[in-house]
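The next block holds one structure in the form of structure tokens; read it before the comments.
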Amino acid sequence: MSSKIFKSIWIAAISVFLTSMIFIMDISYNYFSTLQKNQLKNETELAAQGVAKSGKSYFENLNTEGYRITWIDVNGNVLYDNEADSATMENHLEREEVKQALKNGFGESTRYSNTLADKQLYATKRLPDGSVLRLSIVQMAVWTILLGFAQPICFVILIALVLSFVLALRLAKKIVKPINEIDLDNPEQYYNKENYKEVEPLLRHISAQQSRLKRDQTQIEKTALIRQEFTANVSHELKTPLHIISGYAELLENGMVKSGDIKPFAGKIRSESSRMTKLVEDIIDLTKLDNGGAEMRWEDCDLYRIAENAIDSLEVGASALNVTITVKGTNAPMKAIPQVIYSIVYNLCDNAIKYNHSGGSVTVDVQQSKYNTLLIVKDTGIGIPEESRERIFERFYRIDKSRSKEVGGTGLGLSIVKHAVMIHNGKIEVNSEVGQGSDFIVTIPNAQKK
Ligand code: ADP
């Protein structure tokens, strides 16, 4: 970066220097031209006085080096010319400077000579007898002047190059030094500091990025911890039924069970394996939902119909526990993932039956407004204490572990519900009174992002 800044400064300095040089040359050239013209005018004036006084004899032994002198009579005939034979010269009446002198007493003009790129300056003066004296010199071209100045110009350019090189180098180092000294782990300390004003937006950006990274890191660590806990919990939950199954199987294998007890033993093995099956099914569901339901299809469905189906499959279990279950409300067409919506209704109703009293009831109410679809599962069960209302949605959290196990719970039902609601951009609320019952209210917006 330092070399880039250095190069930019150096190039800028040299460009400014060269441009200024060109301007100065141009101004000087114009200044010298004006000076030369005025000088020629004065010299013509003086020579005219001499010719007026002495006539042609004025030109005798006159040192005319660098000048051309022409004397023209009132009719334009050349009387004298120091560089050509006046007799053979053409009539000069039409020359601009001669016309001016005859008319105004004085004239001047500039013409390019035929041979050179140099310009010829002419100055004329009318004499008292009406004749005209003309002096002319060569005006130097820019490149001729430049050639004359070549040595000092090269010297100045060299000094400018060296000087701007050294200055650019020092400046680049000075600019880069504070930037190199920045402690990027702590960019906030440079805010509102004079030296860092220009890089402050960059520092703020870095700081924001760092906080985002820290946040992400914490989130990753948290997720890893949750995963770890989940795996440990799953292993633990699976171990218990496996131990029971293998214990009973061993007793049966060794013939240590009386023939009358074989049936209850086999029944225990079956119920423990179905607990395991339920647990594995719940884990599979949860894993699918963890992926945000990416592979699942969004379809047109009706929450009311789905609720009826869920209740159909729960009815037998409910009547076994002497709990009545009913569905009410209206049809609620929606765009959703049907099997995920089904798992919401199923798990909520399953809990409402499991954690109920004998003779209790469960009511499922489906409502739809312009913006939302509502599912309310109301039970007359044991209720949920205030302090557990948030935690029941955590994986494997149970208020009464033995009761949950007794009724075949896995501790994953409400986590599945929570994820399922989240995938549908909805929310879930719980109202409950211990000993009286609970209401689970699910609100799903009708306009889905998917
Ligand atoms: P489980 O498989 O144990 O039912 P859930 O995740 O479905 O797991 O529920 C977590 C815990 O929340 C349950 O163990 C239970 O203690 C409590 N719970 C859930 N639903 C109800 C309800 N309708 N009434 C009372 N307690 C409930």
- Of the residues in segment 34-74, those that are of a type in the set (Val, Ile, Thr), closer than 22 Å to GLU94 by Cα and assigned to a helix (DSSP H, G or I) come to THR44
- Message: Kindly evaluate ALA320 against the criterion of being outside the structural domain of ILE376 (by TED's automatic domain parsing), small (Gly, Ala, Ser) and over 30 Å from MET422 (Cα atoms).
- Response: no
- Within segment 420-446, the count of residues that are under 13 Å from ILE376 (Cα atoms), within 11 Å of the ligand (Cβ to nearest atom) and either part of a loop (DSSP other than H, G, I, E, B) or among the hydroxyl-bearing types (Ser, Thr, Tyr) (or both) comes to 2
- Item | Enumeration of residues in segment 268-296 that are more than 16 Å from the ligand (Cβ to nearest atom) and either of a type in the set (A, V, I, L, M, F, W, C) or modelled with pLDDT of 90 or more (or both) | LYS268, ILE269, ARG270, SER273, ALA294, MET296
- Message: What's the number of the only condition in (1) surrounded by 15 or more Cβ atoms within 10 Å (Cβ to Cβ); (2) more than 9 Å from the ligand (Cβ to nearest atom); (3) not in a loop (DSSP other than H, G, I, E, B) that HIS357 fails to meet?
- Response: (3)
- Tell me, yes or no, whether segment 402-415 has at least one residue that is within 52 Å of the chain's Cα centre (by Cα), more than 7 Å from the ligand (Cβ to nearest atom) and either outside any strand (DSSP E or B) or modelled with pLDDT of 95 or more (or both). no
- Message: I need the full set of residues from segment 82-117 which are surrounded by fewer than 14 Cβ atoms within 10 Å (Cβ to Cβ) and either under 60 Å from the mean Cα position of the chain (by Cα) or among the β-branched types (Val, Ile, Thr) (or both), in order please.
- Response: THR88, THR115, ALA117
- Could you list, in sequence order, the residues of segment 129-155 that are surrounded by 13 or more Cβ atoms within 10 Å (Cβ to Cβ) and of a type in the set (Val, Ile, Thr)? VAL132, ILE137, VAL138, THR144, ILE145, ILE153
- Task: Return the total of residues in segment 360-390 being without any contact (Cβ under 8 Å) to a residue 40 or more places away in the chain, assigned to a strand (DSSP E or B) and polar (S, T, N, Q).
- Result: 3
- Output for segment 381-397, where each listed residue is more than 46 Å from the chain's Cα centre (by Cα) and surrounded by fewer than 19 Cβ atoms within 10 Å (Cβ to Cβ): GLY383, PRO385, GLU386
- Report, ordered by the first and then the second residue, all pairs with beta carbons closer than 7 Å, sequence separation of six or more or different chains, a first member in segment 427-446 that is of a type in the set (Lys, Arg), and a second member that is loosely packed, with under 14 Cβ neighbours inside 10 Å. none
- Yes/no for GLU200 being farther than 21 Å from VAL16 by Cβ and either touching a residue at least 12 places away in the same chain (Cβ under 8 Å) or exposed (fewer than 14 other Cβ atoms within 10 Å of the Cβ) (or both): no
- Search result, residues across segment 324-354 that are within 30 Å of GLU295 (Cβ to Cβ) and assigned to a strand (DSSP E or B): VAL327, PRO333, MET334, LYS335, ALA336
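Here's the yes/no breakdown for (1) of a type in the set (A, V, I, L, M, F, W, C); (2) in a helix (DSSP H, G or I):
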position: LEU184; (1), (2): yes, no
position: ARG215; (1), (2): no, yes
position: GLU221; (1), (2): no, yes
position: LEU238; (1), (2): yes, yes
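The values are calculated or read from the model by the stated rules, or taken from the named source; none is laboratory data. In this text the structure is predicted, and so the values were computed from the model without any measurement. Positions of Cβ are backbone-derived with ideal geometry, glycine not excepted, and every protein chain shown enters the neighbour counts.
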